[in-house]
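The values are calculated or read from the model by the stated rules, or taken from the named source; none is laboratory data. Since this is a predicted model, take the numbers as computed values, not measurements. Note that we place each Cβ from the backbone using ideal geometry, even for glycine, and neighbour counts take in every protein chain shown. Only protein heavy atoms, including side chains, enter the accessible area calculation; ligands, DNA and RNA are left aside. Shrake-Rupley method; radii C 1.70, N 1.55, O 1.52, S 1.80 Å.
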Amino acid sequence: MLSVVGRGSVVVFVSHFTLPEELSLLAHDPVEGRIVCRPYALRLGIAGAVAAEPVLAGRVVVADGKITASGGPPLGDSFLDAALAGVAGRRKGHKLQRWLRDTAGVKTGAGRTDEVWRHRLVARGALREERARALGVIAQRRHRAGPDDRTSAARARVSAVGHGAVGDERARLLAALVGATGPARNVLPGDELFRPRSEVTASAGRDPIARTVRDLIRERAGGTPGRARGGEPLPEGPGWNPLRWIFDGDGGDGGGGGD
């Protein structure tokens, strides 16, 4: 791990980035700094990535529409361990759809879920925040690729999945979440990448977490009859919050597995 100081702030370079961080990176155009998917879709995608990370580590099982803790030590990342503790708090597990919806709806003094992870990426040097005023009046924030460029590597891994690469479960999950949340066209632009882009989008339907994220996004956008059947809207305020103890604090220590 390496720390450098620039413009009055400390940027921490680390060796390992989590799925929520990589998904957040891919949701930002590295040149223009704009978000390339709907904010609510990104929040749901991040919730899915938060669930997927402990699945990769063997701490959580997702099956039959539920997310259940399977035991084991903490992951060593304060954000993810908060989520893991929330899952473990109910022995029989949680309904995956409800857990994802509630996690995506977190709103605290540190911002919404996507904002909290964005701050972490800025602190790690993967994003660079720029502030300006449109027409001299409207405040704007852009988040371009930072000095520690992790966007290119994440794009390459998603592209590999789109071109048929197998064997990298982390890349497969990242690609599925990209397919679910909407940045696939930005990650794999151009007509010549239509087929790998379609494969990334289709991969969301083959993973239970990404598929649930995709369905919640469609429901939120009015694309499925879920709400007519009694589906709940994405919460926009406090409620049951599996990450409350970390998000209501200082946003975490910025640590990641393997730091």
In terms of solvent-accessible area of protein heavy atoms at a 1.4 angstrom probe, what is the ranking of 119, 143, 16, highest value first? 119, 16, 143
Sort 155-162, 18-25, 75-82, 187-194 for me by packing, meaning the mean count of neighbouring Cβ atoms within 10 Å per residue, highest on top. 18-25, 75-82, 155-162, 187-194
Provide the solvent-accessible area of residue 92, counting protein heavy atoms only and rolling a 1.4 Å probe, rounded to the nearest 10 Å². 140 Å²
So, taking all protein chains as they sit and a 1.4 Å probe, how much accessible area belongs to residue 128, in Å² rounded to tens? 100 Å²
Residue 106: accessible area at probe 1.4 Å, nearest 10 Å²? 10 Å²
Provide the packing ranking of 206-213, 95-102, i.e. peptides ordered by the mean count of other C-beta atoms within 10 Å per residue, highest first. 206-213, 95-102
